[in-house]
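See structure below.
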């Protein structure tokens, strides 16, 4: 047997042990596996050493502290209602149906807890040791309903068990929901009259389904004819903490319990709610307007704590001593809405030369630059070879001089102002101004025409040309009615000078990126524009004003008398003719000053027609109601802060409404109302104007206002900052491709003189099918011109050019009840 060449030990000496198995890896194994890496779920999370090493006892203590802080906040919120001198709980009873009687509902609620009425709609509830103040507005007065719900802690909507909610009731629901609402409770009126009784649960179920469409959190509809349900409603009103309204709680306000006059000055009595009330801040009272505070004094409730004070050995009631709580300081806000005129005298108010010489320009502004001017100044055009004896007028109709062999040709030297063989290699784009700056460069001196041979166009008679223009424009208007592809299109009359008609317009290579020079617009800005409030950093200014409202003043929950100060032009008889205000709102610092206010607006889809810009509306924003003529512009952020002006706001769409009005800090809901009376509008050349000339139908008979849109306040525009919000109005001049030779097109009906073609030749051309081009040269004296495009243009296509002009928002004024008429067409 041959011995083996390999030598090895026996396998019995090689013991293979089983590996260590465990479900959880050790700390050292995890550290070795991670190698300093951070888990995906821990990235971006900054943990302190205390958070990483907190033990179970620490976590329990932290949770207990959070729970105690939350309970403390709840007690502080309800402290304004605690005690005999606490603020009353304000309950607004809103009847959504015509057969609901709010006074009967109030009597049934008071009878369920054996409450005694101590004043006008004011009730003492001994069982819960609190007071309830009812507000019963007339359901036919929409603004009275909104005023009551604006100051109410609880809103009780009462539905009818026999009648459906009419259009007026539904409008009230939508308005109250949009302006902001506190705690909501729903009740059913007349349920005991429903027979047979087994149908009553189905009626309650139907009413709850209806109210859940507006307020989804409503779980029950209470029966106002049942004493038990009324008692449960009163328990909820007297024990729960109201939810409140965010914009209202950021300010100091109070329900006006009493109004009297002292020394021809109004004195308002009530309990302070929300933030602390400061005498240095102004107050707003609905239709009465804005006032300064003379002083704030204590006003203990009558018939309550009557402490006796000994003074000079005489006992007098403490209620008769007027305790002064706060007086205004030197930092008190004045009633001036605009900056003083002395502040306008500075270096930046110098009107630039470009604005004064707008009518003397030889070419239109394109990105704040006049092309062709520097190169053509003092330069003569090259001679053109035309047949012998050709006049200067006939020379304008020759497209080129491709042949120079004829003996009958002579050189004609033209003036610089006449027709020039100038082409511009300019960037072009669609109608919205988003041009492609990469593919095409700036306008420069171009090459001669590419026509195969010269063509002589016959000069049509003025009558024939007018008929052709009328037929062409009639066809375009019919097309616009169908698809509205050119909402900004205008049509120039043949006898109108386009240079003068469009002197304020300019061109833009890129609507989003091109810089807008504001110096050229100062000549046309409103007189008060430079005196508006300047807010360079809105976010930091808002935080500073909000934090300032937290310090000082008379604390909430104290019953006070607010003595107001009338101005020289105000009298007692003037305010006695108005309805008494429901609430008094304290304004934050600077909220009475005017600025360029912006607010979002969403037109209701139920509104039957587009809403025209600058149309008179009534806007409710916080404690104010203003009569406005807003400018609509597109929402969103652009690099150059230029936004397109919208002539119309279509139903269901959202835009930004701009006005000149008082500033409002924070996001405050806005309601837009329109009077039922049709406004007189004169339809123009725009096809949309023709379509919207008929006013929309009315939705109900009374009141005479319709809620057509809602929105929210946005940061205002700073008039004189380096990057203000600019609203640019766009117009489109359209032309017809008269003759087409590949990419070279002869365009007509856009201009009607060669001077206008020369003035606007730097602008980019575009077609509705997406072609881009530029003007090469004018043809003749009737506005024909040659244009070169980046592709073939079809005979059914239309050529357009976009021009832009800055427009300015209009001023707003305070709304007064019962006023009529409209707002003037201001600047």
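Name the single residue that is surrounded by the fewest Cβ atoms within 10 Å (Cβ to Cβ) among those in the stretch 512-529 being touching a strand residue (DSSP E or B) at 6+ places or on another chain (Cβ under 9 Å) and outside any loop (DSSP other than H, G, I, E, B).
Out of the qualifying residues, it is 524.
Among the residues in the stretch 121-135, are any within 27 Å of residue 607 (Cα to Cα) and either outside the structural domain of residue 606 (by TED's automatic domain parsing) or within 41 Å of the chain's Cα centre (by Cα) (or both)?
Looking through the stretch 121-135, none of the residues is within 27 Å of residue 607 (Cα to Cα) and either outside the structural domain of residue 606 (by TED's automatic domain parsing) or within 41 Å of the chain's Cα centre (by Cα) (or both).
Could you list, in sequence order, all residues of the stretch 193-205 that are surrounded by 14 or more Cβ atoms within 10 Å (Cβ to Cβ) and in a helix (DSSP H, G or I)?
Correct list: 200, 203, 204.
Just give me the residues in the stretch 591-601 being outside any loop (DSSP other than H, G, I, E, B) and buried (at least 19 other Cβ atoms within 10 Å of the Cβ), in sequence order.
Result: 594, 595, 596, 597, 598, 599, 601.
On the basis of being touching a helix residue (DSSP H, G or I) at 6+ places or on another chain (Cβ under 6 Å), surrounded by 10 or more Cβ atoms within 10 Å (Cβ to Cβ) and at pLDDT 80 or above, does residue 65 make the cut?
no
Need the failing condition index for residue 477 against (1) touching a helix residue (DSSP H, G or I) at 6+ places or on another chain (Cβ under 6 Å); (2) at pLDDT 85 or above; (3) assigned to a helix (DSSP H, G or I); (4) over 20 Å from residue 803 (Cβ atoms), just the number.
The one condition residue 477 does not meet is (2).
Give the residues of the stretch 555-590 that are in contact with a strand residue (DSSP E or B) (Cβ under 6 Å, 6 or more places away or on another chain), under 28 Å from residue 706 (Cβ atoms) and either without any contact (Cβ under 8 Å) to a residue 60 or more places away in the chain or not in a strand (DSSP E or B) (or both), sorted by residue number.
Scanning the stretch 555-590 gives 580, 581.
Does residue 248 qualify as being touching a residue at least 60 places away in the same chain (Cβ under 8 Å), out of contact with any strand residue (DSSP E or B) (no Cβ under 6 Å at 6 or more places or on another chain) and either crowded, with 17+ Cβ neighbours inside 10 Å or not in a helix (DSSP H, G or I) (or both)?
So residue 248 fits the description; yes.
Which condition number does residue 216 fail, the rest of (1) outside any helix (DSSP H, G or I); (2) under 24 Å from residue 254 (Cβ atoms) being met?
Answer for residue 216: the failing condition is (2).
Which residue is surrounded by the fewest Cβ atoms within 10 Å (Cβ to Cβ), if the candidates are limited to the stretch 780-801 and must be over 26 Å from residue 508 (Cβ atoms) and in contact with a helix residue (DSSP H, G or I) (Cβ under 9 Å, 6 or more places away or on another chain)?
Looking at residues that are over 26 Å from residue 508 (Cβ atoms) and in contact with a helix residue (DSSP H, G or I) (Cβ under 9 Å, 6 or more places away or on another chain), I get 781.
If we keep just the residues of the stretch 752-779 that are assigned to a strand (DSSP E or B) and in contact with a helix residue (DSSP H, G or I) (Cβ under 9 Å, 6 or more places away or on another chain), which is surrounded by the fewest Cβ atoms within 10 Å (Cβ to Cβ)?
For the stretch 752-779, the residue satisfying everything is 777.
The values are calculated or read from the model by the stated rules, or taken from the named source; none is laboratory data. On a predicted model such as this, the values are computed, not experimentally measured, just so you know. So basically every Cβ, Gly included, is an ideal-geometry build from the backbone, and we count neighbours across all protein chains shown.
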